[in-house]
Amino acid sequence: MWTTKTFLKKRKGSVLKIVREHYLRDDIWCGSDICTICAHQNEELVLEKNPQPKNKKFPFPHYIVLDTCVVLNQINVLEEDALCNVIVVQTVLEEVKHRSSSVYKRLLDIVGNPNRKFYVFVNEHHKDTYVEREPGEKVNDRNDRAIRVSVAWYESHLMSSQADRRKRDRVKVILLTDDVDSKQKAENEGLHVATISDYVRNVEDCPGLEDRLSQHNTTYELQAGGREPLFPAHFTPSQIHQGIKSGKLLQGSFLASRENFLEGQVNVEGQDKMILVQGRVGLNRAVDGDIVAVKLLPEEEWSVPSHMVLQDEGDDSDVLEEENAILKSKDERVAKLPTGHIVGIIRRKWRQYCGILQKNPIEGSVRHIFVPAERKVPKVRIETQQADILSSQRIIVTIDSWPRNSRYPLGHFVRALGTIGDKDTENEVLLLEHDVPHSKFSEAVLSCLPKLPWVITEKDVQSRVDLRHVDICSVDPPGCTDIDDALHCKELENGNYDVGVHIADVSHFIRPGTAIDKEAALRATTVYLVDKRIDMVPELLSSNLCSLRGNEERFAFSCIWELTSEAEIVSTRFCKSIIRSRQAMTYEEAQIKIDDLTQNDTLSKSLRGLNSLAKILKKRRIENGALVLASPEIRFQVDSETQDPIEVEAKKLRETNSMVEEFMLLANIYVAIKILEDFPECAMLRRHPKLPVSNFEPFIKAGRNLVCYQPLSVYTATIHCKINQGICMVLVT
Amino acid sequence: MARMDLISFKGLRLDGRRANELRQIRCKMGVFSQPDGSAYLEQGNTKVLAAVYGPHEIRGSRSKALHDKALVNCQYSMATFSTGERKRRPRGDRKSQEMSMHLRQAFQAAIRVEVYPRSQIDIFVEVLQADGGNYCACVNAATLALVDAGIPMTEYVVACTASLANGDVPLVDVSNLEENSGGPNLTVAALPLSGQVALMEMSQRFHLDHLPKVVECALQGCRDIHQILDQAVRRHTEMSGSALGWGNRAQVDL
């Protein structure tokens, strides 16, 4: 029950022999409800007692075991609900983790979903299914053998519990693999085996499943076989490695040009200047974001970035047009940039892309072109039966490979989002392309929420400062439901002011390390769209318990100062508090209260006090060299019936906007001082350093094309644009 | 490559043990004939030899002798072939000196030194293969050797390590791979029956909230090891006793 695993690890020229222990257990269960031998806990009974066979090729009830390649290549098929009762052996899980962490994460998500009935079988530590590597056997072969041994074990293990069933009701185990060798060996050993495409094609009631099959090693290569390669071959990984070590090749990330589909730049780490790559041979099948190996060309061949805006108007044919004609028009005034050719791809950073289908003009053809929404990404060739339905929809496609003889990369369809032009679909496309998490909150997150009705207990009152008697109010944009800050200002006997900023105490409800904390960290912010709001935390917190609503008692974290009438800080204190905001006002309402001198209630007086203090604070800040960075925002007025926008207006900046801003800034400053004092080693502070001159280069370049151009040195700049006159004036202070 | 998870979501560690399971322990007493007491102990892949000489006259300077107690002298050394890369200095380097001091501290707590005034007890420990938990294996082996030498002790001294996986699951008896993965390690040398702790060492800081459960995990590990060592001692006594014909022949049953 105890063995050792020995293997050699080669590191920095020396060879290390590593010996590790490996324990074999007898308490690993098979996870099947049928089994009468294993002593399962209730939650471990994942695999069903009577799995429904829904496959024409395998009409008997069965469980499925997956091979590593199948999981890595066909993860999209696995995410569909059609496949259930699947056994994932530990060998496969470890290999997937090693090769692709994104596929591994998706697999873990599927396994975590109890409705999918995926069971992880720890075959490496099970005394009957542990397989040792034979001398001369390659690691991959050993892993395949381990998987086959597990399948055989499952068959025999389940057989003994099924003796009382009729033959055609007995549950069998099927291995799905694409490896020809492994398939042959499995058949020889008498196991049921099938390729993934075979299995998927025969699944009943799931028509879209076949489209999701990834085209890794099949039809395209055969069909496009006779054609000449269009691109130079990529270097092998070892050649790349050698090239980088010897300095002949450079490693960097490839950034495609948005304007010109035949141009891009490689950003090498540590080097300031980017390396230009042009032309199809230069780009050599790199996609925006990939990590590539680039070879610098000799200086005579260095070139300049093209000034033309080029779009890919090509069709499906695999013939390249004359490129020189396209890349003409070089600006002789600009200095030449280091230019190179991409010779190999170190790591692909392919993701899922949104876009539309460009139907093949030939009727009845299955091969179509997908045009991504992101201009930097090339078009993708996909195969689908549902072209008619999909041609009017926004779809998501992922890239599988880019063979040498194909003008475009090959990929497969993942899912459809909705009709083109439909507001929700377009919203969805934007959110996906900009990587904004917008799914519903999971069960785990919702279970972290406090139960309603929420009351303030005695314990809470004792551990927090009670500020419910203070006249606090909040000022926010109209229609705001997630009120996170509130202010108060009271005149003291000695002529000074007692001013406080109260921030909703979210940390009382969200504890570190919980599911809701992790989800909020992933989302990082609430995204405000015109008609929708994607919350960072569920609505119960963001709009209710953590929102300082008018006339409701809420928990807050307060920062209270004593200020002189000249806004000099006398003292500061911080505390956890309970507040009751008197009123939640909009900017306009607050402004009216300040301006209307007939109103003399405590709230109006506090607002006027805050306003005058804010003005002094702002003046002091500007004198000290603060930058005003905000650009004007606009608001859409949406028609309530048709949900169409009917008007656009610019947001008016009133004194109250500036007032709230000043006090929030003041609070930030004093919090920063306090945490730096108490946690000097780990306080997270924020600073705005001086702008580097290079940030202004694209602006100067664009300005050069207009009438007046003067080289300027820029320190702090206030930029006024007179757009209707087409002149840009840059004022320097 | 992804960071190694010390404990998978199925509850198994990298080598297949669960969080509260010890590594396989094998031991043998009386392996050498020259020292007064000796023992060989394997804890997983960590293999340790211990030899005990004494009590005897103080070697070297007489001035060091204590008038009412015995002097306990420990020496810890690692064989050059014990780690992955060959070690250049088997004894006399800082780490070995520190380990020797710790061994001394642990055994001073348990050996009945007032029985042998003005004398010296030597404990030599040699690590043949180091795979995590070296100190613990040394303490355990030395305990067996002391029992073999017949030196009176109040109790067995047993040591065990514990660590934290994924931030909050306590693991007992960590191997080298788990030690080096960056989690905090706690080593405890205790007298298991009375529950007293002779030595406690932490390799890194960790949060106060986790400390009680990690300490409890290590102490439970010590109790489990104590049972194993106790059985080994009884087995050894039976075998050597029956071979020499101690006790009634009719009562001895192998």
*Tell me, what HN-Hα J-couplings in whole Hz come from the Karplus equation 6.51 cos²θ - 1.76 cosθ + 1.60 at θ = phi - 60° for each residue of the range A:32-38, using x for Gly and Pro?*
9, 6, 6, 5, 9, 8, 6
*Take the alpha carbon atoms of the range A:584-627, find their center, do the same for the range A:648-694, and report the distance between the two centers in whole angstrom.*
18
*Per-peptide average of other Cβ atoms within 10 Å, ordering A:399-410, B:112-123 highest first*: A:399-410, B:112-123
_Placed amide H near B:T46: partners under 5 Å, 5+ positions off or other chain_ = B:D131
*Leaving out ligands, DNA and RNA but keeping every protein chain, what accessible area does A:L430 have, in Å² rounded to the nearest 10, with a 1.4 Å probe?*
100
*Just reorder A:E204, A:E588 by solvent-accessible area, largest first, 1.4 Å probe, all chains present.*
A:E588, A:E204
*Whole-Hz Karplus ³J(HN,Hα) for the range A:336-349, in order, using 6.51 cos²θ - 1.76 cosθ + 1.60 and θ = phi - 60°, x for Gly and Pro?*
6, 9, x, 10, x, 10, 7, 10, x, 10, 7, 8, 7, 10
*Would you calculate the separation in nanometres between label points at A:E228 and A:K423, each defined as 7 Å from the Cα along the Cα-to-beta-carbon direction?*
5.4
*Low-density loop positions, trypsin sites (Lys or Arg not before Pro), the range A:426-497 - DSSP coil, at most 16 other Cβ in 10 Å*: A:K440, A:K451, A:R468
*Could you tell me which trypsin sites (Lys or Arg not before Pro) in the range A:643-707 are loop residues by DSSP with no more than 11 other beta carbons within 10 angstrom of their beta carbon?*
A:K652, A:R686, A:R687, A:K690
*asked:* At 1.4 Å probe size, what's the solvent-accessible area of A:M585? Round to the nearest 10 Å².
replied: 10
*Have a look at the range B:59-101 and report residues whose accessible surface goes down by 10 Å² or more when the remaining protein chains are included, against the chain on its own, probe 1.4 Å, ligands and DNA/RNA excluded.*
B:G84, B:E85
*Measuring from a point 7 Å past the Cα of A:S156 along Cα-to-C-beta, which residues in the range A:107-146 have an amide N at less than 18 Å?*
A:122-132, A:145-146
*Solvent exposure of the range B:25-239 as accessible area per residue, Å², 1.4 Å probe*: 47
*Post the alpha-carbon centroid distance, the range A:338-399 to the range B:1-66, in whole angstrom.*
62
*Cut-off under 5 Å, modelled amide H: who pairs with A:L417 long-range*: A:R394, A:I395, A:I396
*Report the one residue of A:S161, B:A19, A:V461 whose Cα lies farthest in the direction of the positive end of the charge dipole of the protein assembly as shown (charges on C-beta: Lys and Arg +1, Asp and Glu -1; origin at the Cα centre).*
B:A19
*Value at 222 nm in deg cm²/dmol, rounded to 500, when DSSP H runs of n ≥ 4 in chain A each add -39,500 (n - 2.57)*: -7500 deg cm²/dmol
*When only the heavy atoms of the protein chains count and the probe is 1.4 Å, how do B:W246, A:W454 rank by accessible area, highest first?*
B:W246, A:W454
_Cut-off 12 Å between beta-carbons: net charge of the residues surrounding A:E519, Lys and Arg +1, Asp and Glu -1_ = 0
_For chain A: accessible area per residue (Å², 1.4 Å)_ = 56
*Charge dipole (the range A:350-434, unit charges on Cβ, about Cα centre) - positive-most of A:T398, A:P409, A:V366*: A:P409
*State, to one decimal in nm, how far the label point of A:K248 lies from the label point of A:L337, with both points 7 Å from Cα in the Cβ direction.*
2.6
*Please name the residues of the range A:16-53 whose accessible area, counted over protein heavy atoms with a 1.4 angstrom probe, falls by no less than 30 Å² between the chain alone and the full protein assembly.*
A:L16, A:V19, A:R20, A:E21, A:Y23, A:R25
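May I ask you to derive the FRET efficiency for B:D168 and A:L627 from their Cβ-Cβ distance with R0 = 45 Å, giving the value to the nearest 0.05?
In this case the efficiency is close to 0.50.
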*Approximate spin-label separation A:E187-A:K376, in nm, with each point projected 7 Å along Cα-to-Cβ*: 4.7
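About its Cα centre, what dipole magnitude does the protein assembly as shown give when the only charges are +1 on Lys and Arg Cβ and -1 on Asp and Glu Cβ, stated in debye to the nearest 20?
I would put it at about 3260 debye.
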*For A:W2, list long-range residues whose amide hydrogen, built 1.01 Å from N in the peptide plane, is under 5 Å from its own amide hydrogen.*
A:L24
_Only sites in a loop by DSSP and with at most 15 other Cβ atoms within 10 Å count here; which GluC sites (Glu not before Pro) in the range A:231-309 make the cut?_
A:E259, A:E269
_Accessible surface of the protein assembly as shown [probe 1.4 Å, protein heavy atoms]: carbon and sulfur percent_ = 51
*In Å², rounded to the nearest 100, what is the total accessible surface buried by chains B and A against each other with a 1.4 Å probe?*
1800
*Looking at the range B:10-51, which residues lose a minimum of 40 Å² of accessible area between their chain alone and all protein chains in place, measuring with a 1.4 Å probe and not counting ligands or nucleic acids?*
B:K10, B:L12, B:D15, B:G16, B:R18, B:Q24, B:N45
*Sorting B:M99, B:M200 by accessible area (1.4 Å probe), largest first, what list results?*
B:M200, B:M99
*What does the accessible area of A:V638 come to, in Å² to the nearest 10, when a probe of 1.4 Å is used?*
60
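The values are calculated or read from the model by the stated rules, or taken from the named source; none is laboratory data. Values in this document were obtained by computation on a predicted structure and should not be read as measured data. Glycine also receives a Cβ, built like all others from the backbone with ideal geometry; neighbour counts cover every protein chain displayed. These area figures cover heavy atoms from the full protein model, side chains too; ligands, DNA and RNA do not enter into them. Shrake-Rupley method; radii C 1.70, N 1.55, O 1.52, S 1.80 Å.
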